[in-house]
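To start, the structure itself, in structure tokens.
The values are calculated or read from the model by the stated rules, or taken from the named source; none is laboratory data. These numbers come from a predicted model, not from an experiment. Cβ coordinates were reconstructed from backbone atoms using ideal geometry, including for glycine residues, and neighbour counts include every protein chain displayed.
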Amino acid sequence: MREQLTVSTDERLQAIDITGRVGDALPDDADGAVTVRSRHTTAAVVVNEAEPRLMGDIETVLADVVPDEGWHHDELDGNADSHLRALLCGGSETLPVREGALETGTWESVLLVECDGPRTRTVEVFG
């Protein structure tokens, strides 16, 4: 199976819970594993808790760890910070699936981390 999700973001740096949409993309009889992948070098996919304050903390730590300016790539298009933030998070996650449902831990959610928004992003769900 392979599905594409379209996710619109509102901020330059933003964590968005896409767990429900990933689960909805799974066939009812799916068993095994599913990979969730960002099709962009300036957006990431992570598994973490979707608690709003923590999602804000994710945005804050990425902004603190990677300064907005001072990168060589900025000479090209001014978004080196976005590439570097996405690099730290990673482009994909693979999760177990049983009987058509994600098998996540109690507090685990699938988050899209936008690092160069606002934009419309494509996330692939396949397995």
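Some notes on this structure:
- Screening Gly20 against (1) without any contact (Cβ under 8 Å) to a residue 12 or more places away in the chain; (2) small (Gly, Ala, Ser); (3) surrounded by 14 or more Cβ atoms within 10 Å (Cβ to Cβ) leaves a single unmet condition, (3).
- The stretch 48-101, subset small (Gly, Ala, Ser) and more than 23 Å from Ile18 (Cβ to Cβ), residue nearest to the chain's Cα centre (by Cα): Ala80
- Just one of the listed residues (Asp64, Asp10) is within 14 Å of Gly117 (Cβ to Cβ), of a type outside the set (S, T, N, Q) and surrounded by fewer than 14 Cβ atoms within 10 Å (Cβ to Cβ), namely Asp10.
- If you check Thr35, Thr42, Thr9, Thr60 for being modelled with pLDDT of 95 or more and touching a Pro at 6+ places or on another chain (Cβ under 8 Å), only one passes: Thr9.
Okay, residues lined up against (1) touching a helix residue (DSSP H, G or I) at 6+ places or on another chain (Cβ under 8 Å); (2) in a loop (DSSP other than H, G, I, E, B):
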{"position": "Ala15", "(1), (2)": "yes, no"}
{"position": "Gly20", "(1), (2)": "no, no"}
{"position": "Ala30", "(1), (2)": "no, yes"}
{"position": "Ala33", "(1), (2)": "no, no"}
{"position": "Thr41", "(1), (2)": "yes, yes"}
{"position": "Ala44", "(1), (2)": "yes, no"}
{"position": "Arg53", "(1), (2)": "no, no"}
{"position": "Thr60", "(1), (2)": "no, no"}
{"position": "Pro67", "(1), (2)": "yes, yes"}
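- Failed condition for Ala33, given (1) over 16 Å from Phe126 (Cβ atoms); (2) surrounded by fewer than 18 Cβ atoms within 10 Å (Cβ to Cβ): (1)
- Considering the stretch 69-127, the residues that are among the hydroxyl-bearing types (Ser, Thr, Tyr) and not in a strand (DSSP E or B) include one that is farthest from Thr41 (Cα to Cα), namely Thr106.
- Failed criterion for Leu54 (all others in (1) without any contact (Cβ under 8 Å) to a residue 40 or more places away in the chain; (2) closer than 17 Å to Val110 by Cα; (3) exposed (fewer than 12 other Cβ atoms within 10 Å of the Cβ); (4) of a type outside the set (Phe, Trp, Tyr) hold): (3)
- Filter result for Glu69 (charged (D, E, K, R) and closer than 18 Å to Arg119 by Cα): no
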